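Structure record follows, encoded as structure tokens.
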Amino acid sequence: QVQLVESGGGLVQPGGSLRLSCAASGTIFTRYGMGWYRQGPGKQRELVAAITSGGSTTYAGSVRGRFTISRDNAKNTVYLQMNRLKPEDTDTYYCNTNQGVANYWGRGTQVTVSS
């Protein structure tokens, strides 16, 4: 069974940085793309960044140039480096992998950007 476990969220001041991690198990990690989404109260879940099995990346316009997604296939882990954080980045961040027959989500990690 595929499991995704996020970590690394927390409280940070505007302009600060955080690195989120998502550890995957129960899957052939190198075969699939991975993504980070975020969702706040009353808002739709939105794609933040995605990385293909080959390492190609995609970013939401609101985070491009500030966030970097990467993957370590040896550790079955995907990362989201978040720099120059803004209050509007405050959300719960979710790790995702869509493997065709099923779409898997982690439980999320809270990121709060506030002074």
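Quick notes on this structure:
- Kirkwood hydrodynamic radius computed over the chain comes to 14.1 Å, based on all pairs of distinct alpha carbons.
- Largest-first ordering by accessible area, 1.4 Å probe, given options Ser62, Ser115: Ser115, Ser62
- Packing, taken as the mean count of other beta carbons within 10 Å per residue, orders the peptides 94-103, 21-30 from highest to lowest as 21-30, 94-103.
- Working ranking of peptides 40-46, 50-56 by packing, defined as the average number of other Cβ atoms within 10 Å per residue, highest first, is 50-56, 40-46.
- D (Stokes-Einstein, µm²/s), Kirkwood Cα radius, the stretch 48-115, 0.692 mPa s at 37 °C: 248 µm²/s
- Shown for the chain: the carbon plus sulfur share of the solvent-accessible area, taken with all protein chains present and a 1.4 angstrom probe, equals 46%.
- For Gly16, the residues 5 or more places off, or on other chains, whose built amide H falls under 5 Å of its own are Leu85.
- Between the residues Tyr104, Ser21, Gln3, the greatest Cα displacement towards the positive end of the dipole of the chain, with unit charges on the Cβ of Lys, Arg, Asp and Glu, is found for Ser21.
- Rounded Å value of the spacing that divides the Cα centres of the stretch 1-37 and the stretch 88-115: 8 Å
- Each Lys or Arg adds one and each Asp or Glu subtracts one; over the other residues with Cβ under 10 Å from the Cβ of Ser21, this totals 0.
- Solvent-accessible area per residue, Å², over the stretch 1-77 with all protein chains present [probe radius 1.4 Å]: 54 Å²
- Kirkwood hydrodynamic radius over Cα pairs of the stretch 1-53, then Stokes diffusion coefficient at 10 °C and 1.306 mPa s, in µm²/s: 121 µm²/s
The values are calculated or read from the model by the stated rules, or taken from the named source; none is laboratory data. This structure is a prediction, so every number in the text was calculated from the model and none was measured. Methodologically, a virtual Cβ is constructed for each residue, glycine included, from the backbone with ideal geometry; neighbour enumeration extends over all protein chains shown. Only protein heavy atoms, including side chains, enter the accessible area calculation; ligands, DNA and RNA are left aside. Shrake-Rupley method; radii C 1.70, N 1.55, O 1.52, S 1.80 Å.
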